[in-house]
Amino acid sequence: MTSAGAGRFAPSPSADLHIGNLRTAVLAWLFARSTGRRFLMRVEDLDDRTHADIADRQLADLAALGLSWDGPADRQTAHEQRYDAVVDTLNARGLLYECYCTRKDIAAAPRAPHAPEGAYPGTCRDLTQDEREARRQETQRPPALRLRTDTVECTVHDVLHGDYTGLVDDFVIRRGDGVPAYNLAVVVDDAASGVDQVVRGDDLLSSSPRQAYLARLLGHPEPVYAHVPLVLNSARARLAKRDGAVTLAEIGVPDALRQIADSLGYAAATVDGMLAEFDPQRLPRVPWVYRPR
Ligand code: GLU
């Protein structure tokens, strides 16, 4: 099967990758390569600007597993004008508004009866010009920019989860500190690099309706999604570095590949061998509980 599209892996360089992140990367590579797609690597460093050393180790670990990607790894901080241009476009279309709320304000605001936990209550949505000016003076900090969505539902199709519907609230496009929001950066970067297949951990499934909504708004085609089960520790909590023996440096390449292959039910313990056995329909649908051997 061939395709002009691309899949990708997009690590944030906040810490060394653990076995769960490595397994997600292997799956993203398997999904891309098994469908004839290019595989792209994107370092999501907007929040971790000073962590070039961690990013380098992450890329070295991925290469050590045998993963290959097309072209050099992209870095979000290398093209910030890209996000600014989209913010300007959305602004010119009248789709953005300034938000002066803190997290605390949002948590304390009354919510509409059926609004989900954490959904923006719309406090700054319909302020008059005078009210905005007053809020600016009061808060003394630069506002975030939110997208006016009318809080619609958006349904995405996921290879593993089927149709998934989520409410799209007025989510943040640019944070108060001026950094493009994750949801904006992902959509803009995926479109700019021709990504049409998004494989990532299923903790991000609930972000996909917002991202798909924004992609449609910007006229970008919607990618194929596959949100893969997370990896848990023996207490069935999300795996973290403090669980110990979770990074490639701690586990070693052969053992890490063997454990990833076992968790997916493959005999082969190389990525090329796993590619030959890969069948997306037969992937485990439940989290993998990782126990150091
Ligand atoms: N950078 C995000 C993370 O490391 C993943 C973003 C994505 O795959 O869309 O969790």
query = For the subset of segment 9-57 comprising residues that are in a strand (DSSP E or B) and more than 12 Å from the ligand (Cβ to nearest atom), which member is farthest from residue 260 (Cα to Cα)?
reply = 38
message = Here is a check on your reading of the model: is residue 291 basic (Lys, Arg) and touching a residue at least 12 places away in the same chain (Cβ under 8 Å)?
response = yes
message = What's the number of the only condition in (1) under 17 Å from the mean Cα position of the chain (by Cα); (2) in a helix (DSSP H, G or I) that residue 81 fails to meet?
response = (1)
key: Filter pass, residue 110 being farther than 30 Å from residue 258 by Cβ, without any contact (Cβ under 8 Å) to a residue 12 or more places away in the chain and part of a loop (DSSP other than H, G, I, E, B)   = yes
query = Of the residues in segment 190-208, how many are buried (at least 19 other Cβ atoms within 10 Å of the Cβ), small (Gly, Ala, Ser) and either within 18 Å of residue 86 (Cα to Cα) or more than 10 Å from the ligand (Cβ to nearest atom) (or both)?
reply = 1
request  = Give the residues of segment 235-265 that are within 15 Å of residue 18 (Cα to Cα), part of a loop (DSSP other than H, G, I, E, B) and in contact with a strand residue (DSSP E or B) (Cβ under 9 Å, 6 or more places away or on another chain), sorted by residue number.
outcome  = 239, 240, 246
query = Do we have residue 235 as over 22 Å from residue 158 (Cβ atoms) and in contact with a Pro (Cβ under 7 Å, 6 or more places away or on another chain) here?
reply = no
inquiry  = Let me spell it out: the conditions are (1) surrounded by 21 or more Cβ atoms within 10 Å (Cβ to Cβ); (2) more than 18 Å from residue 204 (Cβ to Cβ), and residue 31 meets all of them except one. Which number is the exception?
reply    = (2)
message = For the structure I just gave you, tell me whether residue 146 is away from the ligand (no atom under 16 Å from the Cβ) and within 21 Å of the chain's Cα centre (by Cα).
response = yes
note = Of 119, 108, 112, 144, the only residue that is on the phi < 0 side of the Ramachandran plot, among the hydrophobic types (A, V, I, L, M, F, W, C) and at pLDDT 95 or above is 144
Residue match in segment 58-71 (condition: within 11 Å of the ligand (Cβ to nearest atom) and at pLDDT 95 or above) = yes
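The values are calculated or read from the model by the stated rules, or taken from the named source; none is laboratory data. Please read these numbers as outputs of a predicted model, since none were measured by experiment. Neighbour counts run over all protein chains shown; Cβ positions are idealised from the backbone, glycine included.
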